Protein chains: 2
Amino acid sequence: MLEVYHAEPGANSLKVLLALKEKQIEFQSCYISLNKFEQHEDWFKAINPMGQVPVIVHDGKVINESTVINEYLDAVFEGPKLRPDDEYGRAMMRIWTKWVDEYFCPALSYLAWNQIIAAMVKDLTEAEFEAKLARIPLKEQRDKWRITAREGYPQDRLDEWRGQVASSITRLETALAKGGPWLLGEQFTLADIAVFSMAHPVPMGYPDLMNDRDTPHLMAWHRRMLERPGVQAALAMPNRYRDEMLASKRADLNPGGASR
Amino acid sequence: MLEVYHAEPGANSLKVLLALKEKQIEFQSCYISLNKFEQHEDWFKAINPMGQVPVIVHDGKVINESTVINEYLDAVFEGPKLRPDDEYGRAMMRIWTKWVDEYFCPALSYLAWNQIIAAMVKDLTEAEFEAKLARIPLKEQRDKWRITAREGYPQDRLDEWRGQVASSITRLETALAKGGPWLLGEQFTLADIAVFSMAHPVPMGYPDLMNDRDTPHLMAWHRRMLERPGVQAALAMPNRYRDEMLASKRADLNPGGASR
């Protein structure tokens, strides 16, 4: 009935899991391991030719793009409304979700890819790496993998993205300082979900940018988010990437451990 | 009642003018001269702090972002429906409008800015140019103006954007070859409007990419668009930038002409 192809509860996969859990929609979770490049396998590209998660299949109809999926879920399923009823409110919500997709998310993603892709492919031979690349349908994605697996992005672009993260955090703090408790005021909406899906790891990854001293309203909002049962349920979804990384770190620290 | 701040009928301003004219909505046209940097003047930034057009003011409520504006106009005003009634259709429409905003439009815009901004500021002294820059609210916009007014973007980024335009045209041709007459099939929607607002000048600017031989379905769609009275009405809106450029070219060719 409703299949959801997603990775760990982070970024765009988290965005859709949050909407599903907030609305308490029943769905079949289909976990895709990005660490094993499952999103580039032929069976998955038959579902989403872009080779990206998340994707939903509802009554046989395939929908990709997390922001589009979330509006669809809210329109089609029962449960608490995650969009304002009035059209001006919806417009204000969409300005946030669009801003996340076009500005906040890309900056964070490029910086994250620059750190993690090299680690993900470090055990591949050149031939294995090229074989993985050849399966990626989008040219921009292939370019990203090639650059980040090798020397990484040039410093000036990394600086530009870091500047975008900083100005994003300032924008969020300014907005939340004016009102709250949620981004649009009294109603919790897809705007909060979209922002949280990206902002959740920022206090950990960029503690100099998002912290109680400099961004108190944003941090208070973050804590309010973490108190929501729907948010807790989404974050409790299996996180195999984190588990595998922890297992690999443990193995590094204790090389004989696996056989003991 | 409805004020629309817009520039020439091109790109994002055209996108909103197309929706207005297709729905035959009455509005007060407030022309903003980008050539005179009016979008960075204080009175305009009091309306849109981003310093960008288009913006609408409806019953005192300000909405920016052309894609968000168009969904609002379609939801709130009478006239032909520019969004499918079913939610799956709307999702498919939003995947197109989102793709235009995140992929097709930025590539075309960066390439265009790289050509035109230097020409727009060529008669300014250094101090005048810096004064203009200081009024631009968004850092990314200031950076863009500074780079394009001087040496322009590096060749590898220009190549990247040109590649994005080429793959965009291929994607559109492939989609229209499968069906039509419109991007979502029988219904003319905001997807056609969003794509046209960017694709309209492409056969002229990139004749090697979009032409009758290589992209016949896209060219046929472009002609169908041009036959629509709403599209004709939007394109007939004053184009002062073009008029000023033509006048300036005429003056260059015939220096004494102005006083004769």
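The values are calculated or read from the model by the stated rules, or taken from the named source; none is laboratory data. These numbers come from a predicted model, not from an experiment. Here the Cβ is made from the backbone with ideal geometry for all residues, glycine too, and neighbour counts use every protein chain on show.
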## Note on the structure
The residue from A:G230, A:G185, A:G179 that alone is on the phi > 0 side of the Ramachandran plot and not β-branched (V, I, T) is A:G185
### Query
Can you find even one residue in the stretch B:219-227 that is assigned to a loop (DSSP other than H, G, I, E, B), within 30 Å of B:P181 (Cβ to Cβ) and touching a residue at least 12 places away in the same chain (Cβ under 8 Å)?
no
### Query
Just for the stretch A:106-139: of the residues that are in contact with a helix residue (DSSP H, G or I) (Cβ under 8 Å, 6 or more places away or on another chain) and facing another protein chain (nearest Cβ under 10 Å), which one is farthest from A:A46 (Cα to Cα)?
A:P106
### Query
Can you tell me which of B:P238, B:P255, B:P154 is at pLDDT below 95, in contact with a strand residue (DSSP E or B) (Cβ under 9 Å, 6 or more places away or on another chain) and surrounded by fewer than 18 Cβ atoms within 10 Å (Cβ to Cβ)?
B:P238
### Message
Being in contact with a Phe, Trp or Tyr (Cβ under 9 Å, 6 or more places away or on another chain), under 27 Å from A:P80 (Cβ atoms) and surrounded by 15 or more Cβ atoms within 10 Å (Cβ to Cβ): is that true of A:A149 here?
### Response
no
### Query
Does at least one position in the stretch B:67-85 carry a residue that is without any contact (Cβ under 8 Å) to a residue 60 or more places away in the chain, acidic (D, E) and within 15 Å of A:Y72 (Cα to Cα)?
yes
### Query
What is the residue count in the stretch B:113-147 for residues that are touching a residue at least 40 places away in the same chain (Cβ under 8 Å), outside any helix (DSSP H, G or I) and farther than 24 Å from A:R157 by Cα?
1
### Message
Any residue that is away from chain B (no Cβ under 13 Å), under 26 Å from A:E186 (Cβ atoms) and not charged (D, E, K, R) - is there at least one of those in the stretch A:80-88?
### Response
yes
### Summary
Only one of (1) at pLDDT below 95; (2) touching a strand residue (DSSP E or B) at 6+ places or on another chain (Cβ under 6 Å) does not apply to B:I147, and that is (2)
## Note on the structure
Condition set in a strand (DSSP E or B) and of a type in the set (A, V, I, L, M), scope the stretch B:11-70, selection nearest to B:K122 (Cα to Cα): answer is B:V55
### Summary
Of those in the stretch B:27-66 that are on the phi > 0 side of the Ramachandran plot and either of a type in the set (S, T, Y) or touching a Leu at 6+ places or on another chain (Cβ under 9 Å) (or both), the residue nearest to the other protein chains (Cβ to nearest Cβ) is B:D59
### Task
Test A:P154 against the stated conditions and say whether it is within 14 Å of another protein chain (Cβ to nearest Cβ), of a type outside the set (A, V, I, L, M, F, W, C) and in contact (Cβ under 8 Å) with a residue 60 or more places away in the chain.
no
### Message
Out of B:A75, B:A149, I need the residue that is small (G, A, S) and away from chain A (no Cβ under 14 Å). Which one?
### Response
B:A149
### Task
Scan B:M210, B:M198, B:M225 and give me the residue that is of a type in the set (A, V, I, L, M) and more than 30 Å from B:A75 (Cα to Cα).
B:M210
### Query
Where residues in the stretch B:184-211 are assigned to a loop (DSSP other than H, G, I, E, B) and farther than 20 Å from B:Q164 by Cα, which of them is nearest to the chain's Cα centre (by Cα)?
B:T189
